[in-house]
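These notes are about the structure you will find just below.
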Amino acid sequence: MSRVKPILPGSAIGVLGSGQLGRMFAIAARRMGYRVHTFSPDEDTPTGQVSDLEVKAAYEDLDAVRDFASGVAVVTFEFENVPAETAAAAESRAPVRPAGNVLHTTQHRLREKWFLSQAGLPLTPFRYVSQAADLPVALQDLGLPAILKTADFGYDGKGQFRITSQDQLFEAWEAVGQVEAVLEAFVDFECEISVVAARSESGDFVHYGAIENQHKNGILDLSIAPARVPPKVAAEAVELTRTVLEKLEVVGVVCVEFFVAKSGRLLINEIAPRPHNSGHLTVDANITSQFEQQLRSVCGLPLGSVKQLAPAAMANLLGDLWTHGEPDWARAAALPDVKIHLYGKLSARPGRKMGHLTAISTNVETALADVQRARHLLAPHS
Ligand code: AMP
């Protein structure tokens, strides 16, 4: 693999997307002396607030995308639903990392599953559902319960329906918006884990080990590092992640999410071609955060140490916390081992990720207890 000249501090990095992942990336990049330009259809965004330049334009405005890419040394992204044409327009003016093919595979559930099957990687049993008539057959193959998911991750937030009885087929098809979908067998898992990893342009690979994740209503609620799984399971998850990054020839950061079945068997649930919510705790707990790692990999710099300095736990702060007024920040700030991260979002809506807390401690149990206590203290009138 050819080595390109590294992109050095002082250069401008372009970020497609403007949410919290871009914000934390921009903070890491600016700390190392880079300039950050962000592109999205919004303004006063989480990323824009901490960037040197915030460009407001539609992703479909390819002239604007080309202009944007002309002004930076490299383009990266902070969400995977960047349209293929947008990535291609950017690529005509600057390197895009991870490359457009990684986006293409991972932004579509079906393409992702085909990639995983072809690579011989373990995944949840699934069937392709292109029309309502495919559903009864798919359900017969997989059995109940099963989950119907839109093939396109970005479909208007309408995503998933859990089918627990034969009578729900029509309801499920309606619920996902009657679009191309995937039916997945429901995995009665022991726990969920993820591995956040980075691969450099010269093929070096680093990872943060297995992180344990707990979801609520399909949204990540808590992450714990290191995951409380047998070392063999963690090591296998890392090896599977390495294979994913190598087969996709990723230059950048990727997160692979797994179900750990009751038998201990790992099944890949999803691949995110970017830093991930479960890796937020690396900002406070590791020598090099996942965001700095993204910066280093897309700039062609050597990857940083992933060494974890202390066990850690992360709790997401969703908009629901604002229902009865502004959270009581002083109460959480009084806990000495808890860090508060807020994303600068202008309005709090239920389910919207507004920030997170990280606790570090001498073991994961106390880190988890501390972070949950801190979040509880935030709720007004708790
Ligand atoms: P997803 O957006 O597909 O990653 O799903 C979000 C969460 O829903 C997962 O992290 C799991 O907690 C749950 N989930 C999704 N698919 C399945 C499945 N096939 N079996 C069991 N739980 C699932």
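The values are calculated or read from the model by the stated rules, or taken from the named source; none is laboratory data. Values in this document were obtained by computation on a predicted structure and should not be read as measured data. No Cβ is skipped: glycine too gets one built from the backbone with ideal geometry, and neighbour counts run over all protein chains shown. Surface areas here come from the heavy atoms of the whole protein model, side chains and all, with no ligands, DNA or RNA. Shrake-Rupley method; radii C 1.70, N 1.55, O 1.52, S 1.80 Å.
Laid out as a table, the results:
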{"read-out": "Test: residue 36 is more than 19 Å from the chain's Cα centre (by Cα) and under 19 Å from residue 280 (Cα atoms)", "value": "no"}
{"read-out": "Residue within the range 241-259 that is open to solvent by less than 20 Å² (accessible area, probe 1.4 Å) and more than 17 Å from the chain's Cα centre (by Cα) present", "value": "no"}
{"read-out": "Subset of the range 279-334 [open to solvent by 20 Å² or more (accessible area, probe 1.4 Å) and over 18 Å from residue 358 (Cα atoms)]", "value": "296, 300, 301, 302, 303, 305, 320, 322, 323, 324, 325, 326"}
{"read-out": "Residue within the range 48-69 that is open to solvent by 20 Å² or more (accessible area, probe 1.4 Å), within 19 Å of residue 248 (Cα to Cα) and assigned to a helix (DSSP H, G or I) present", "value": "no"}
{"read-out": "Residue match in the range 171-189 (condition: over 19 Å from residue 110 (Cα atoms), surrounded by 15 or more Cβ atoms within 10 Å (Cβ to Cβ) and touching a residue at least 40 places away in the same chain (Cβ under 8 Å))", "value": "yes"}
{"read-out": "Index of the failed condition, residue 201 passing every other in (1) open to solvent by 40 Å² or more (accessible area, probe 1.4 Å); (2) away from the ligand (no atom under 16 Å from the Cβ); (3) within 22 Å of the chain's Cα centre (by Cα)", "value": "(1)"}
{"read-out": "The range 82-92, residues that are open to solvent by 60 Å² or more (accessible area, probe 1.4 Å) and either assigned by TED's automatic domain parsing to the domain that holds residue 290 or in a loop (DSSP other than H, G, I, E, B) (or both)", "value": "92"}
{"read-out": "In the range 1-44, the residues that are in contact with an Asp or Glu (Cβ under 7 Å, 6 or more places away or on another chain) and more than 16 Å from residue 299 (Cα to Cα)", "value": "17, 18, 19, 21, 38, 43"}
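Results for (1) more than 22 Å from the chain's Cα centre (by Cα); (2) within 13 Å of the ligand (Cβ to nearest atom); (3) surrounded by 15 or more Cβ atoms within 10 Å (Cβ to Cβ), shown as yes or no for each residue.
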| site | (1), (2), (3) |
| --- | --- |
| 113 | no, yes, yes |
| 117 | no, no, no |
| 149 | no, yes, yes |
| 153 | no, yes, yes |
| 159 | no, yes, yes |
| 167 | yes, no, no |
